[in-house]
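**Student:** Pasting a structure here, questions to come.
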Amino acid sequence: MSQKRLVIAIDGPAASGKSTTAKLVAERLGFVHVDTGAMYRAITLKVLQKKIGPQDTERIARLVESTQIALRRESGTMRVFLDGKDVTDEIRSIEVTRAVSAVSSLRAVRQAMVREQRRMGEAVSVVAEGRDIGTVVFPSADLKFFVIAGIEARAKRRQGDLLHQGVETNLTEIERAIEERDALDSSREESPLRKAADAIELDTSDMTIEAQVDFVVEHVRRMQKKHEAS
Ligand code: CDP
């Protein structure tokens, strides 16, 4: 018997653990992982490459319409393509991270990205992660999670990510940068970061990655069983 197609929404602030969780949950369940943050990062990279200021909304709107962003699985890992070029590593740079909140607050950018994200969720089961998945992109998702963590845990994780890229940073500076991005993402007019009323909260401050993944997978399996029984 074929299983019902499911949409799992995972939202949360920067470095809360949502990306790692979403990626591993998608792998365990055989669903497609839609990393919407990677899409906003890719368009931000193009804005920076073209040297367009974040206030030049008209040029950015035109740029978005002529840009192709794709998420594709290659040899087991999810890769991000900008106009056909693999930019998976480039979009994690400090410059992109610094500019992404401003670019993704623009209506034209959000409209184009949301359209594409909904299309990705049309045909297959997906684990989609971001800031507005449960509230705007897929308000009727089958299951919604809102992942949070204390600022210290988040800053340490981000420091680890950066160290992995060979960048040494100071913890206080990272905390400040994360808090700044949270404030921008939560206070913007267009689709702010917000917990959907029907989202399940998951605080990962003291959890292992395995426990986070198990938590989500168990909820999904329970739902699949319920569908099978009905
Ligand atoms: O991985 P990290 O938590 O640092 O962020 P991300 O998920 O890669 O998202 C980067 C940025 O894209 C966020 O800070 C938001 O400004 C924006 N974003 C958004 O506006 N809406 C989404 N659905 C996903 C990301």
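The values are calculated or read from the model by the stated rules, or taken from the named source; none is laboratory data. All figures in this text were calculated on a predicted structure; none of them were measured in a lab. Cβ coordinates were reconstructed from backbone atoms using ideal geometry, including for glycine residues, and neighbour counts include every protein chain displayed. To get the accessible areas, we keep the full protein, side chains included, count just its heavy atoms, and leave off ligands, DNA and RNA. Shrake-Rupley method; radii C 1.70, N 1.55, O 1.52, S 1.80 Å.
**Student:** Determine whether Thr21 is of a type in the set (S, T, N, Q), touching an Asp or Glu at 6+ places or on another chain (Cβ under 7 Å) and either open to solvent by 10 Å² or more (accessible area, probe 1.4 Å) or farther than 15 Å from Ser125 by Cβ (or both).
**Tutor:** It is false that Thr21 is of a type in the set (S, T, N, Q), touching an Asp or Glu at 6+ places or on another chain (Cβ under 7 Å) and either open to solvent by 10 Å² or more (accessible area, probe 1.4 Å) or farther than 15 Å from Ser125 by Cβ (or both).
**Student:** Something else about it: Considering Ala141, Ala196, which residue is crowded, with 17+ Cβ neighbours inside 10 Å, at pLDDT 95 or above, in contact with a Pro (Cβ under 8 Å, 6 or more places away or on another chain) and within 30 Å of Lys225 (Cβ to Cβ)?
**Tutor:** Ala196
**Student:** Residue pairs, Cβ under 6 Å, 6 or more apart or interchain, first in the stretch 173-192 and of a type in the set (Ser, Thr, Tyr), second surrounded by 15 or more Cβ atoms within 10 Å (Cβ to Cβ). List them.
**Tutor:** Ser186/Pro192; Ser186/Leu193; Ser191/Arg110; Ser191/Asp132; Ser191/Val136
**Student:** Residue check: is Arg98 within 12 Å of the ligand (Cβ to nearest atom), surrounded by 17 or more Cβ atoms within 10 Å (Cβ to Cβ) and part of a helix (DSSP H, G or I)?
**Tutor:** Here the answer is no, as Arg98 does not meet what is asked.
**Student:** Consider the stretch 41-56. How many of its residues are in contact with a helix residue (DSSP H, G or I) (Cβ under 7 Å, 6 or more places away or on another chain), more than 12 Å from the ligand (Cβ to nearest atom) and open to solvent by 10 Å² or more (accessible area, probe 1.4 Å)?
**Tutor:** 4
**Student:** Provide a single number: the residues in the stretch 1-40 that are in a loop (DSSP other than H, G, I, E, B), hydroxyl-bearing (Ser, Thr, Tyr) and near the ligand (Cβ under 9 Å from one of its atoms).
**Tutor:** Adding up the residues that qualify gives 1.
**Student:** Please go through the stretch 217-228 and pick out each residue that is open to solvent by less than 90 Å² (accessible area, probe 1.4 Å) and at pLDDT below 95.
**Tutor:** Met223, Gln224, His227 - these are the residues of the stretch 217-228 that are open to solvent by less than 90 Å² (accessible area, probe 1.4 Å) and at pLDDT below 95.
**Student:** For the stretch 200-216: of the residues being closer than 18 Å to Ala26 by Cβ and in contact (Cβ under 8 Å) with a residue 40 or more places away in the chain, which is most open to solvent (accessible area, probe 1.4 Å)?
**Tutor:** Looking at the filtered set, the residue picked out is Ile209.
**Student:** Given Arg181, Arg157, Arg188, which one is at pLDDT below 95, open to solvent by less than 40 Å² (accessible area, probe 1.4 Å) and either touching a helix residue (DSSP H, G or I) at 6+ places or on another chain (Cβ under 7 Å) or farther than 25 Å from Ile69 by Cβ (or both)?
**Tutor:** Arg181
**Student:** Condition test on Ile91, is it more than 14 Å from the ligand (Cβ to nearest atom) and of a type in the set (A, V, I, L, M)?
**Tutor:** no
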